[in-house]
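A quick write-up on the structure given underneath.
The numbers here are math on the coordinates, done by the rules we state, and not lab data. From a predicted model like this one, the values you see are computed outputs, not experimental measurements. Note: ideal-geometry Cβ built from the backbone for every residue, glycine included; neighbour counts use all protein chains shown.
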Amino acid sequence: MPNEPSTAPILIKAENLERAYHTGDDVVYAIKDIDLEIYQGEYISLMGPSGSGKSTFFNMIGALDTPTGGTIAIGGRDLRNLKPSQLAYLRCVNIGYIFQNYNLIEVVSALKNVTLPMRFRGLTEKEAVEKATNLLDSVGLGQRYHHLPGELSGGQQQRVAIARALANDPSLLLADEPTANLDSKTGLQIVELLSQLSDERGVTVVSATHDHNMLAVSDRVVYLRGGEVERVVDREDLDIQVGHIE
Ligand SMILES: Nc1ncnc2c1ncn2[C@@H]1O[C@H](COP(=O)(O)OP(=O)(O)OP(=O)(O)O)[C@@H](O)[C@H]1O
Ligand SMILES: [Mg+2]
């Protein structure tokens, strides 16, 4: 079972986080004044209407974008203090990314998509192939190691993307609407896979989603509105809400 938020160490800490976009004389605050602590091993869903700031927040937690105010720290390290090489290492090794449209490299096989991040990290081809094969097995891809992404279904491509995200044993899996392009049955399988990986590997999952199936496996749901945290709901209170939804 996931760690109790009150006792587990903090993995991500956002303080007064702000991301403003300036267009002409206009300023849009995609994120403003977000304070949030995410604990190791937690499964967090970010929910909220379109434009509420989920992807913006995702990008800043993932060190893919820089805040215009406030701070974000991962594992106690303020991202502002990291050199470009340290940020690149963080992105390659400590964080696994999963996107709505899978973002696989189309011209190489499923297996190669998963071995590449390991090769960047310095594993030999043999080590990488062995590990990638195991990962593809554990996400249930079957024997399709040598298929190109275009020869796989959406659900299968997302399984490859999840295996790739796990390539370097990250402590954090970040997912931006991972089930949005999938039918509800396949989406549920992906949600269950993420939940299982989070339990088995103790990996922290932060997922932006509109998918109510995701609520049932979340330790906490963070609702964003207008770039701010509207409310944070714990698992115990979620069960009741999921009951109402179904
Ligand atoms: N490059 C940009 N320039 C200006 N404004 C932007 C830019 N990117 C995002 N925004 C604005 O920031 C706000 C938050 O956008 P964001 O993509 O984070 O929303 P979201 O919650 O992920 O929405 P969705 O559910 O549609 O994916 C929106 O009002 C959006 O218009
Ligand atoms: Mg988004």
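Quick notes
- Per residue convex hull volume, Cα atoms of the chain, in Å³: 136
- Relative to the dominant Cα principal axis of the chain, helix 235-245 is inclined by about 80°.
- Take the Cα of H22, go 7 Å toward its beta carbon, and none of the backbone nitrogen atoms of region 81-95 fall under 15 Å from that spot.
- Helical contribution to [θ] at 222 nm, DSSP H n ≥ 4, -39,500 (n - 2.57), averaged over the chain, rounded to 500: -10500 deg cm²/dmol
- Distance between the 7 Å Cα→Cβ label points at E236 and E151: 5.2 nm.
- With a Cα cut-off of under 24 Å and a minimum spacing of 8 residues unless on different chains, the lysine pairs in region 1-137 number 6.
- Of the residues M47, Q156, I72, the one whose Cα sits farthest towards the positive end of the charge dipole of the chain is Q156 (charges of +1 on Lys and Arg Cβ, -1 on Asp and Glu Cβ, taken about the Cα centre).
- Computed from label points 7 Å out along Cα-Cβ, the spacing between L82 and E200 is 2.7 nm.
- For region 183-208 versus region 132-177, the spacing of their alpha-carbon centroids is 12 Å.
- Counted residue by residue at 0.36 nm each, then reduced by the alpha carbon distance between them, the extension gain from T7 to V108 reaches 32.1 nm.
- Relative exposure of S50, S195, S218, judged by other C-beta atoms within 10 Å (fewest first): S50, S195, S218
- Checking every one of the GluC sites (Glu not before Pro) in region 13-111 against DSSP loop status and a limit of 12 other Cβ atoms within 10 Å picks out E106.
- Build a GNM of the chain with springs between Cα atoms under 10 Å apart, and of D26, D234, D169 the one that fluctuates most is D26.
- Ordering L17, L87 by the number of other Cβ atoms within 10 Å of each residue's own Cβ, fewest first, gives L87, L17.
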